[in-house]
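The values are calculated or read from the model by the stated rules, or taken from the named source; none is laboratory data. Keep in mind it's a predicted model, so treat the numbers as computed, not measured. Here Cβ is always computed from backbone atoms with ideal geometry, including for glycine, and neighbour counts include all displayed protein chains. Accessible surface is based on the protein model in full, side chains and every heavy atom, while ligands, DNA and RNA are left aside. Shrake-Rupley method; radii C 1.70, N 1.55, O 1.52, S 1.80 Å.
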Amino acid sequence: MEIFLDTAELEEIKFASSLGVIDGVTTNPSLIKKAVERRRGEISMVDYIKEILKLVPGPVSLEVISVKAEDMISEAKKLYKLFSPYGEVVIKIPICPSTDGESNVYDGLGAIRELKEAGIPTNVTLVMTPEQALLAAKAGADYVSPFAGRIDDYIRDQLGMKMDADYGKADYFDFELMRKLADEQLRRIIESRGDFSLRGAYIDEEIRDAANAGHDNGIYSGVDLVKKILAIYRNYKYSTKVIAASMRNARQVREMAELGVDIVTIPFYVLKEMLLHYKTIEGMRFFIADVVPQYKRIFEE
Ligand code: G3P
């Protein structure tokens, strides 16, 4: 599995690349905004992106900023021309760049298709369903980025849970527990009905609502989203690579690796989390405390 860093922070990229575990980088306008704000605006964007590209041994995703296919295509061409002499540029195109659900719905697909023909690699972003991923692959996407963490957020938000109050952004979403709880709730409602008929239960609104709780139209978590995309791609042998994105914690990375996802793109703090374990640190303390002088001398002579 390849590991990309999901950041526009030069220092993080420099450090992680020096460790030899980073295969690429993904950026987006929000990550670029953070990097610019941290430097109080004192940043030449073009030079900064060139630096990133020079440091990274693999693909660096840069995102377009428009919503119309023709504008995204010309931005993609501009980014590609400007930066590909410095590294491996991949252009991020939103799967559905609509901001109202009516306009620009198909513009992402149009842009992917045309960029494919122009030989410019694309990473299709903001993917929240397997259906979107299927269309992205058909249009010729080189990569798709399902946003795992945001699906976990969405499922919890739909249940009335609030980020920061009921769960932290980086918390692992225990979808198996959620599934058990949702099943239990459904069981209790059905039980409370007394007389049971299949027809009666199936058209009962409260029962239907309970059956629809704890998942997003049959997607039980961000990991489940990626699992279903991989299954569809394998069914039809699509060559589009899957980048598990919007990653929030190390356990999510493990579960993505178990699925056999091609790539995960992680924020810098997740890299640290992947290394830490209480017993590893405790073990280190014991080893250091147990070093006898005779053994130490080997290294001093
Ligand atoms: O990879 C996409 C990512 O940058 C979004 O992450 O944590 O803001 O949902 P997040």
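Does V124 satisfy being closer than 22 Å to S239 by Cβ, of a type outside the set (G, A, S) and open to solvent by less than 90 Å² (accessible area, probe 1.4 Å)? Spelling it out, V124 is indeed closer than 22 Å to S239 by Cβ, of a type outside the set (G, A, S) and open to solvent by less than 90 Å² (accessible area, probe 1.4 Å). In the set (1) acidic (D, E); (2) under 18 Å from V127 (Cα atoms); (3) not assigned by TED's automatic domain parsing to the domain that holds V144, D262 fails one condition alone, (3).
Scanning segment 26-47 for residues that are outside any loop (DSSP other than H, G, I, E, B) and touching a residue at least 40 places away in the same chain (Cβ under 8 Å) yields one hit, T26. Scanning segment 23-51 for residues that are more than 12 Å from the ligand (Cβ to nearest atom), under 14 Å from G87 (Cβ atoms) and among the hydroxyl-bearing types (S, T, Y) yields a single hit, Y48.
Every condition in (1) in contact (Cβ under 8 Å) with a residue 24 or more places away in the chain; (2) over 18 Å from Y233 (Cβ atoms); (3) over 14 Å from the mean Cα position of the chain (by Cα) holds for D195 except the one numbered (1).
Taking the criterion of being β-branched (V, I, T) and in contact (Cβ under 8 Å) with a residue 40 or more places away in the chain, the residues of segment 94-123 that qualify are I95, I120, T122.
The set of residues in segment 1-22 that are in a loop (DSSP other than H, G, I, E, B), within 15 Å of the ligand (Cβ to nearest atom) and of a type outside the set (G, A, S) comprises T7, E9, I22. Among residues of segment 48-78 being over 22 Å from L126 (Cβ atoms) and more than 21 Å from the chain's Cα centre (by Cα), the one that is least open to solvent (accessible area, probe 1.4 Å) is Y48.
If only residues of segment 133-174 that are loosely packed, with under 14 Cβ neighbours inside 10 Å and among the small types (G, A, S) are counted, the one that is nearest to the ligand (Cβ to nearest atom) is G168. Taking segment 216-228 as the range and being open to solvent by less than 30 Å² (accessible area, probe 1.4 Å) and of a type outside the set (S, T, N, Q) as the test, the residues that pass are G218, I219, G222, V223, D224, L225, V226.
Take the conditions among the β-branched types (V, I, T), away from the ligand (no atom under 15 Å from the Cβ) and in contact (Cβ under 8 Å) with a residue 12 or more places away in the chain and apply them to V60. Does it pass?
Numbers: among the β-branched types (V, I, T): yes; away from the ligand (no atom under 15 Å from the Cβ): no; in contact (Cβ under 8 Å) with a residue 12 or more places away in the chain: yes.
No.
For segment 187-214, residues that are open to solvent by 40 Å² or more (accessible area, probe 1.4 Å) and of a type outside the set (F, W, Y) total 18.
Residues in segment 230-245 that are in contact with a Ser or Thr (Cβ under 9 Å, 6 or more places away or on another chain) and either among the basic types (K, R) or buried (at least 23 other Cβ atoms within 10 Å of the Cβ) (or both): V242, I243, A244, A245. Going by the structure shown, is D195 modelled with pLDDT under 95 and not assigned by TED's automatic domain parsing to the domain that holds E273? Yes; evaluated as a whole, the condition is true for this residue.
Within segment 235-254, the set of residues being closer than 18 Å to E2 by Cβ and either away from the ligand (no atom under 16 Å from the Cβ) or hydroxyl-bearing (S, T, Y) (or both) comprises Y238, S239, T240, S246, R254.
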